[in-house]
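Here is the structure we will look at, set down as structure tokens.
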Amino acid sequence: MAAVTTLARVDVPGDKSISHRALLFAALATGDSRITGILESADVQSTAGALRALGVDVPSLAAEVSVTGVGLRGLRPADGPLDCGNSGTSTRLLAGIVAASPFETVFVGDASLSARPMRRVAAPLEAMGAVVTLAAGGTLPMRIRGGALRPVRWVSEVASAQVKSAVLLAGLVAGVEVSVAEPAPSRDHTERFLRALGASLDDAHGVTLRPTAALRAFSLAVPRDPSSAAFFAALAALGGSPGVELPGVLASRTRDGFFRALRAMGAAVESDAPVATEAGEFVTTWRIERGAGGLRGLTVDDRQVAAMIDELPLLACVGAHAAGETRITGAAELRVKESDRIAVTVANLRAVGARAGELPDGLWVDGRDGPLRGRVVTHGDHRIAMAFAILGARPGNAIEIDDPACVSVSYPGFWSTLARVRA
Ligand code: S3P
């Protein structure tokens, strides 16, 4: 690894998953919470707006945000539908909260969110006693009549932190014991946050939340987002920048799979010892450079996908310049993200000249040295736009993105940072 001074420092914004949870837990806590470094993006605005509609005084998102909690049972009915925009996390986590609140709430969203599956969250909430109505395809609009709920032991068919969190939040607000088991461990931010705020959890078999009287207010510096950091790590690995240093990034075994994959592909990837922060999480500094021997293709299966689920389109883009084949399986969940990320990634890899194909639960791409050029259709999906922008920043490549503005969902400053860092 070269001396640190040769690396470009990139301060990526706050973690999206933790930013949503920070607002939700600040709203449900007793007392005043203070959040610094929250992600100021469209998705987090959706959570903030929904909480305002439910009677919580959430200020405009800024470098420092203070929220006075209304307590676990202090939410008020909204005057109209909660518009969650593009945000699945806002919808599914709030669904759990309002399912235990004694009034009716309706969720709506943009075209992408309105096509995403909500049965997975409706089913456990119905099992607890909430009345949930969905559109014919199991999608939004979702109407939830909340109230007193029963305990549940839910076995989820998908590894989904959003489903797991919805059940935990429903149990929290209802004051009943809930447990969730899932096929592979999904991100555990809800559990860590709850524990840090005084809730009693047990994770012997899946996760169990015991009845909790109240959450304490907190002060949190939101760790930086590893899913945003991944773009600049990939840029360095592809030789599109001299090498990057990414400080203050959330360090979590449930989220760092992409960095481990880059190392396995031959990039030079180093990190500092993780440092503990509030909310039960850790942060680290990542340093990434192009490896001496170039990149080689990688095979990723269901044992690895959960810890890099949002980075898989980016991994496929890196694979387009890694010797041999990169093959991803066990990732059928990608079909129900902000777009069908298997179909959209493969179509765009082909559009820029790569050899790639779809699998029912993943994709393959053959790596090549030669340039990739063409136009990418994002379908409004922020992660597709950024993954292909990074591919396009490799020297020799020229890739046009049809909808650059869609990055505002998770990373509003992405384009200016890319312009500064690229070689
Ligand atoms: C998230 C969970 C993941 C992830 C999404 C954020 C969260 O979705 O893809 O970007 O904050 O809980 P699933 O729970 O549907 O896998």
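List pairs: first in region 345-358 and within 14 Å of GLY319 (Cβ to Cβ) and of a type outside the set (Phe, Trp, Tyr), second part of a helix (DSSP H, G or I) and open to solvent by 50 Å² or more (accessible area, probe 1.4 Å), Cβ under 6 Å, 6+ apart or cross-chain?
Going by the 6 Å Cβ cut-off, the qualifying pairs are ALA356/ARG350.
ARG263 - would you say it is over 18 Å from ALA387 (Cβ atoms), among the basic types (Lys, Arg), surrounded by fewer than 23 Cβ atoms within 10 Å (Cβ to Cβ) and free of Cβ contacts under 8 Å to residues at least 12 places away in the same chain?
yes
Residues to consider are GLY198, GLY171, GLY175; find the one that is of a type in the set (Gly, Ala, Ser), within 20 Å of GLU278 (Cα to Cα) and either at pLDDT 95 or above or within 15 Å of the ligand (Cβ to nearest atom) (or both).
Going through GLY198, GLY171, GLY175 in turn, just one is of a type in the set (Gly, Ala, Ser), within 20 Å of GLU278 (Cα to Cα) and either at pLDDT 95 or above or within 15 Å of the ligand (Cβ to nearest atom) (or both): GLY198.
Here's the yes/no breakdown for (1) closer than 30 Å to VAL377 by Cβ; (2) within 16 Å of the ligand (Cβ to nearest atom):
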| position | (1), (2) |
| --- | --- |
| GLY243 | no, no |
| LEU250 | no, yes |
| PHE258 | yes, yes |
| MET265 | yes, no |
| SER271 | no, no |
| GLU281 | no, yes |
| TRP286 | no, no |
| ALA292 | no, no |
| GLY297 | yes, no |
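For the structure I just gave you, tell me whether PHE103 is out of contact with any Cys (no Cβ under 8 Å at 6 or more places or on another chain), of a type outside the set (D, E, K, R) and more than 18 Å from ALA29 (Cα to Cα).
Yes; evaluated as a whole, the condition is true for this residue.
So the check is Cβ under 7 Å with 6+ separation or different chains; which pairs have a first residue in region 235-254 that's over 13 Å from ALA273 (Cα atoms) and a second one that's of a type in the set (Phe, Trp, Tyr) and open to solvent by 10 Å² or more (accessible area, probe 1.4 Å)?
LEU246/TRP286
Within region 321-334, can one find any residue that is crowded, with 22+ Cβ neighbours inside 10 Å, in contact (Cβ under 8 Å) with a residue 60 or more places away in the chain and among the small types (Gly, Ala, Ser)?
So far as region 321-334 goes, no, none of its residues is crowded, with 22+ Cβ neighbours inside 10 Å, in contact (Cβ under 8 Å) with a residue 60 or more places away in the chain and among the small types (Gly, Ala, Ser).
With respect to ARG192, is the statement that it is farther than 30 Å from ALA111 by Cα, crowded, with 16+ Cβ neighbours inside 10 Å, under 22 Å from the mean Cα position of the chain (by Cα) and within 14 Å of the ligand (Cβ to nearest atom) true?
yes
If THR36 passes every condition in (1) surrounded by fewer than 19 Cβ atoms within 10 Å (Cβ to Cβ); (2) over 18 Å from ARG224 (Cα atoms); (3) among the polar types (S, T, N, Q) but one, which one does it miss?
Result: THR36 passes all but (2).
Check off (1) open to solvent by less than 10 Å² (accessible area, probe 1.4 Å); (2) over 20 Å from ALA405 (Cβ atoms); (3) in contact with a helix residue (DSSP H, G or I) (Cβ under 8 Å, 6 or more places away or on another chain) for ARG73 and give me the number that stays unchecked.
So ARG73 meets the others, but not (1).
Could you tell me whether any residue of region 295-315 is assigned to a loop (DSSP other than H, G, I, E, B) and under 22 Å from the mean Cα position of the chain (by Cα)?
For region 295-315, residues assigned to a loop (DSSP other than H, G, I, E, B) and under 22 Å from the mean Cα position of the chain (by Cα): present.
Which residue pairs have Cβ atoms under 9 Å apart, sit 6 or more places apart or on different chains, and have a first residue in region 146-164 that is over 16 Å from ALA184 (Cβ atoms) and a second that is hydroxyl-bearing (Ser, Thr, Tyr) and more than 16 Å from the ligand (Cβ to nearest atom)?
GLY146/SER101; GLY146/THR105; GLY147/SER101; PRO151/SER179; VAL152/SER179; ARG153/SER179; ARG153/THR208
Which pairs turn up if I take residues in region 193-222 that are closer than 17 Å to LEU24 by Cα and look for partners that are among the aromatic types (Phe, Trp, Tyr) and at pLDDT 95 or above with beta carbon separation below 8 Å, at least 6 apart in sequence or on another chain?
Once the first residue is closer than 17 Å to LEU24 by Cα and sits in region 193-222, its partners that are among the aromatic types (Phe, Trp, Tyr) and at pLDDT 95 or above give PHE193/PHE25; LEU194/PHE25; ALA196/PHE218; LEU197/PHE25; LEU197/PHE218; LEU215/PHE25; PHE218/PHE25.
Report those strands (runs of 3 or more DSSP E) wholly inside region 49-157 carrying at least 1 residues which are out of contact with any strand residue (DSSP E or B) (no Cβ under 8 Å at 6 or more places or on another chain) and of a type in the set (Asp, Glu).
In region 49-157, there are no strands (runs of 3 or more DSSP E) which contain 1 or more residues that are out of contact with any strand residue (DSSP E or B) (no Cβ under 8 Å at 6 or more places or on another chain) and of a type in the set (Asp, Glu).
Going by the structure shown, is ALA351 surrounded by fewer than 22 Cβ atoms within 10 Å (Cβ to Cβ) and over 25 Å from the mean Cα position of the chain (by Cα)?
It is true that ALA351 is surrounded by fewer than 22 Cβ atoms within 10 Å (Cβ to Cβ) and over 25 Å from the mean Cα position of the chain (by Cα).
Restricting to region 356-390, count the residues that are touching a strand residue (DSSP E or B) at 6+ places or on another chain (Cβ under 6 Å) and either open to solvent by 50 Å² or more (accessible area, probe 1.4 Å) or assigned to a strand (DSSP E or B) (or both).
Of the residues in that region, 10 qualify.
Which members of region 83-117 meet the condition of being of a type in the set (A, V, I, L, M) and crowded, with 24+ Cβ neighbours inside 10 Å?
Matches in region 83-117: LEU93, LEU94, ALA95, ILE97, VAL98, ALA99, ALA100.
Give me a count of the residues in region 8-39 that are in contact with a Gly (Cβ under 8 Å, 6 or more places away or on another chain) and either among the hydroxyl-bearing types (Ser, Thr, Tyr) or over 25 Å from GLU191 (Cβ atoms) (or both).
Adding up the residues that qualify gives 4.
From GLY357, GLY324, GLY362, grab the single residue that is more than 18 Å from MET265 (Cβ to Cβ) and at pLDDT 95 or above.
Every option except GLY357 fails the conditions.
Of everything in region 139-152 that's more than 16 Å from the ligand (Cβ to nearest atom) and within 25 Å of the chain's Cα centre (by Cα), which residue is least open to solvent (accessible area, probe 1.4 Å)?
Of everything passing the filter in region 139-152, ILE144 is least open to solvent (accessible area, probe 1.4 Å).
The values are calculated or read from the model by the stated rules, or taken from the named source; none is laboratory data. Since the model is a prediction, treat every value here as computed from it, not as a measurement. We place every Cβ from the backbone using ideal geometry, glycine too, and count neighbours over all the protein chains shown. Accessible surface is based on the protein model in full, side chains and every heavy atom, while ligands, DNA and RNA are left aside. Shrake-Rupley method; radii C 1.70, N 1.55, O 1.52, S 1.80 Å.
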